[in-house]
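Note sheet for the following structure.
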Amino acid sequence: MSQAFLHFGARHASGRAMRAWLALREAGFPFQEVAADLRQPHGSPDPLPIGSPHPAVTAPLLVVGETVVCGAPAIMAFANDYARGTLLPKDAGPRAAARSIMAWQHASPTCWRLAFESTFDPWTRPLNGDERSEVARLCRVIEPLLAASTGPFLFGPVSLADLSLAPAAIGLLRHADLSDWPATGTWMEELLSHPPVAAWIGGLDAPTRHHGPTPPGREP
């Protein structure tokens, strides 16, 4: 397969980039990170430094040879295809449930009102009533899935549904009171210790890294 590059901005600034990165890592797909300058004026014909004429160019963006894959949902689907479908449940019902969670997260990526950047702030504050309601709404979805799962994740082995919720899990473990939702809290802790998720968090202030075989003439 052609050499692949994943373009995105700062790690702490985008939950969508995190989801795409996690899916590729979980699939074992080799790629190289490229720091994108997202400060270009809105409407710039080339907001990412790849010279792509693709009309939907946006971050995160995966470039594999001549193929351009735009946006986290498409990149996650690409990763699942690369992994021969193993990043989603095998059976149709659970697979549809997992995809529903992914769609929900893409439409409302935090499930609460704090920006993704705020999840890494050292400070915490009590959530307001609307925020607590959103957390409870999420947990009411998660808890029955965990009760039916063989564990430790939502559908047994880790899936794209779990990875899509990783950005929210970081913030909720830091800011929210999950004492009423013990299974959700335990699942979130397990998710954050999952190697790809831990690697993303551990690399927040690290330089750009290469994942997979080192291309000829390049340093990892």
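The values are calculated or read from the model by the stated rules, or taken from the named source; none is laboratory data. These numbers come from a predicted model, not from an experiment. Reconstructed Cβ throughout: ideal geometry from the backbone, glycine too, with neighbour counts over all protein chains shown. Side chains are part of the model used for accessible areas, which takes the heavy atoms of the whole protein and leaves out ligands, DNA and RNA. Shrake-Rupley method; radii C 1.70, N 1.55, O 1.52, S 1.80 Å.
Could you state how much accessible area residue 6 has, in square angstrom rounded to the nearest 10, with a 1.4 Å probe and all protein chains kept in place?
0
Radius of gyration and Dmax for region 135-198's Cα atoms, expressed in Å?
Cα only, region 135-198: 10.6, 28 Å (Rg, Dmax).
Percent of accessible area on region 119-200 owned by carbon and sulfur, 1.4 Å probe?
55
Once you have the Cα-Cα distance between residue 81 and residue 136, take 0.36 nm times their residue separation minus that, and quote the gain in nm to one decimal.
16.5 nm
How do the peptides 128-134, 21-27 rank, highest first, by the average count of neighbouring beta carbon atoms within 10 Å per residue?
Final packing ranking: 21-27, 128-134.
Label-point separation (nm) for residue 90 and residue 193, each offset 7 Å from Cα along Cα-to-Cβ?
2.7
If I model a spin label as a point 7 Å beyond the Cα along the Cα-Cβ vector, how far apart are those points for residue 177 and residue 147 in nm?
Once both label points are built, they end up 2.3 nm from each other.
So if I place +1 on the C-beta of Lys and Arg and -1 on the C-beta of Asp and Glu, and nothing else carries charge, what would the dipole magnitude of region 120-194 be about its Cα centre? I want it in debye, nearest 20.
So the magnitude is around 60 debye.
What nm value, rounded to one decimal, do you get for the distance between residue 67 and residue 103 when each label is placed 7 Å out toward the C-beta?
Computed distance between label sites residue 67 and residue 103 equals 2.4 nm.
Which ³J(HN,Hα) values in Hz, rounded to whole numbers, follow from the phi angles of region 26-33 under the Karplus curve 6.51 cos²θ - 1.76 cosθ + 1.60, where θ = phi - 60° and Gly and Pro get x?
5, 6, x, 7, x, 8, 10, 6
Round to the nearest 10 and report in Å² the accessible area of residue 150, as given by a 1.4 Å probe over the protein chains' heavy atoms.
130
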